[in-house]
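**Q** Encoded as structure tokens, here's the structure I'll be asking about.
Read-outs: derived from the displayed coordinates by stated rules, not from any lab. Please read these numbers as outputs of a predicted model, since none were measured by experiment. With ideal geometry, Cβ positions are generated from the backbone for all residues, glycine too; neighbour counts draw on all protein chains shown.
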Amino acid sequence: MSDGPSDRIAAHVAALDWAALSASAAQAAKVVLLDAAGVMLGASGLAEEVRPFIRMAAAMGAGPCTIAGTDQRVSLPMAALANGALAHALDYEDAFDKAPGHPNASLVPALIALAQGAGPVDGRRFLTALAVGGDISCRMGLALRRPMEAGNWYPPPILAAYGAAAGAASLLGLNAAQVRDALSMTLCQVTMPGEIKYSAGTVLRAVREAFPAQAAVQCALLAREGVAGFETPLEGRAGFYALYAGGEFEPADLTDRLGEHFWIEHLTFKPWPSCRGTHPFIELALDLRARHAIDPARIGRIEVEHDAIQSMLLEPLARKAAPQVAIDAKFSIPFTAALALARGRVGLDDFDAAALADPAVLALAAKVVPLQRPGEGWQAGSGGLMRIVLADGTVHSAEVDNALGCPARPLATGALVEKFVACATRAARGISEVEVRELAEAILTLESCEDVGALFD
């Protein structure tokens, strides 16, 4: 093996063990699992979009793995597929504000499936795989020097796939050559076109992580079986960065402080179930509504200053003001801001058919006026300014640089536990609050667990 980025990443993934994992990275991994597992459980009861994936997984035959929040037990690849569909369906999973991605939305479903189907896996081994996989996904995004969107790609599930493959390889104990093989096969399987953003009626955006989660599991298992890949899947002349970024990337961002610094310690955990780019405006709307006792009926116009990244959450404006499906509503600044102003909340129960047709919400969404701010000013995609102009000319305004939940303004562990409870108690099969809180405690002490897969039976 050489000393290029692919080989250095592969060697790192193969070598990292619990003893080398910092206490802070291990703690971050536990919080990641808590958040992701809660979102998956909640989606099983709330997200209609996942039903075809659950039905198909079940139809493929019984197996050792559980579909989260259900009584269905299916094969390992099918569990990764179905649970991957659950992971993003509520748009409530963690995010990485420094690069375009949700590093754990494919990774956690893949690891849970492997823990049940190729286990037993103890907590230390699981947390190590989670830490290394999430870190690799973040690094893949940080290294980009040309936006993947420039080539009409949709980055989050693509980037997540490589972290999921790395984490799966770690969990299976693959050697460096096998890790590189797994990354190579991931390059052969995973894609996601930008077209996913432009359709008004598709739900693929909600269930997108199904595909990379399943691919990551299959790639790691095939690598274990001896399927050889490419020598340079990341930096090669037709490797990842050549295909997705025109070869424009910074190798140092992939490999700097490998094993010493884990980017999963710098994630955002969402207080509201919608795209991260909508959060500044949800926070501002809730703040202005409360501070000024604003009567929604008196609002004449809602001006939102946004950055270039957030433009996709405002275009086309007519569609974003009246979305047809829940996932499009979650990717809409007009709709989510209107929800916050009309209802004083943006929660798990606010994206159903009744909400999408709520005349009070739609009336406010139609009053949103986008204003793009040139240049820098906020954390990209995580800041914004709102100006509410009342019918009598009164103006109320507020601005936020980094919306709540980011590393600079983190949610407390207690708040994340309550988010977990709120999600998990909505699971399809019905789980009592007592059981949910016991599961939360088990996750937050996972290093002492002897069989992680059994926690999710």
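**Q** Of the listed pairs Lys30/Lys197; Lys270/Lys320; Lys367/Lys419, which have alpha-carbon separations greater than 25 Å here? List each step's numbers first, then the result.
**A** Numbers: Lys30/Lys197 32 Å; Lys270/Lys320 21 Å; Lys367/Lys419 31 Å.
In this structure, Lys30/Lys197; Lys367/Lys419 exceed 25 Å between Cα atoms.
**Q** How many nm is it between the label spots at Glu435 and Asp457, if each spot is 7 Å from the Cα in line with the beta carbon?
**A** Result for the modelled spin labels: 1.3 nm.
**Q** I need two numbers for region 308-394: Rg to one decimal and Dmax as a whole number, Cα atoms only, in Å.
**A** Values for region 308-394 (Cα only, Rg and Dmax): 13.2, 38 Å.
**Q** Which Cα, out of Ala10, His88, Cys65, lies furthest along the positive dipole direction of the chain (beta carbon charges, K/R +1, D/E -1)?
**A** His88
**Q** Give me the log10 of I(q) over I(0) for region 325-457 at q = 0.09, 0.16, 0.18 Å⁻¹, as the Debye formula computes it from C-alpha points; what are the numbers?
**A** Each listed q maps to, in turn, -0.43, -1.03, -1.15.
**Q** Would you kindly state how much longer the chain becomes between Arg298 and Ser24 on full extension, computed as 0.36 nm times their sequence separation minus their alpha carbon distance, in nm to one decimal?
**A** Length gained between Arg298 and Ser24: 93.8 nm.
**Q** Same structure, new question: What residue among Pro273, Ala442, Phe126 has its Cα farthest toward the positive end of the dipole of the chain, where the charges are +1 on Lys, Arg and -1 on Asp, Glu, each on the Cβ?
**A** The residue sitting most towards the positive pole is Pro273.
**Q** Quick one: which of 106-113, 62-69 comes out on top by average Cβ neighbours within 10 Å, and what's the full order, highest first? Spell out each step's value before the answer.
**A** Working: 106-113: 33.6, 62-69: 22.8.
Going from most to least packed, we get 106-113, 62-69.
**Q** To two decimal places, what compactness ratio does region 53-156 give when its Cα radius of gyration is scaled by 2.2 N^0.38 Å?
**A** 1.19
**Q** Within a 10 angstrom radius of the beta carbon, how do Ser75, Ser184 rank from fewest other beta carbons to most?
**A** Ranked by crowding around the Cβ, least crowded first: Ser75, Ser184.
**Q** Still on this structure: Nearest 5 percent is fine: what portion of the DSSP beta bridges confined to region 276-400 is antiparallel?
**A** If I count the DSSP bridges inside region 276-400, around 70 percent turn out antiparallel.
**Q** Can I ask one more? Show me 409-418, 322-331 ranked by packing, highest mean number of other Cβ atoms within 10 Å first. Intermediate results must be reported in sequence, preceding the final value.
**A** On the way: 409-418: 15.1, 322-331: 22.1.
The most tightly packed comes first, giving 322-331, 409-418.
**Q** To continue, here is another question. Reported to two decimal places, what Rg/Rh ratio describes the chain when computed on Cα atoms with Rh from the Kirkwood expression? Write down the numbers at each step before the final one.
**A** Values: Rg = 21.4 Å, Rh = 22.0 Å.
In the chain, Rg relative to Rh is 0.97.
**Q** How long are the three semi-axes of the equivalent ellipsoid of region 1-108, in whole Å, if each is the root of 5 times an eigenvalue of the C-alpha gyration tensor, listed from largest down? Before the final figure, lay out the partial values.
**A** On the way: eigenvalues 173, 63, 38 Å².
Working from the Cα gyration tensor, I get semi-axes of 29, 18, 14 Å.
**Q** I would also like to ask the following. For region 126-191, what ratio Rg/Rh do Cα atoms give with a Kirkwood hydrodynamic radius?
**A** Looking at region 126-191, the ratio lands at 1.00.
**Q** Next question, about the same structure. How do the peptides 360-367, 310-317 rank, highest first, by the average count of neighbouring beta carbon atoms within 10 Å per residue?
**A** 360-367, 310-317
**Q** In square nanometres, what is the average projected area of the Cα convex hull of region 53-108?
**A** 4.0
**Q** What FRET efficiency comes out for the pair Ala318/Leu390, r = Cβ-Cβ distance, R0 = 22 Å, nearest 0.05?
**A** Values: r = 24 Å, r/R0 = 1.09.
That pair, Ala318 with Leu390, gives E of 0.40.
**Q** Per residue and in Å³, how big is the convex hull formed by the alpha-carbon atoms of region 255-403?
**A** Convex hull of Cα atoms, per residue: 124 Å³.
**Q** Would any residue of region 1-45 have its amide N under 14 Å from a label point 7 Å out along Cα→Cβ of Ala228? List them or say none.
**A** Residues 1 qualify, since their backbone N sits under 14 Å from the label point.
**Q** FRET efficiency for Asn152 and Gln372, Cβ-Cβ distance as r, R0 = 22 Å, nearest 0.05?
**A** 0.55
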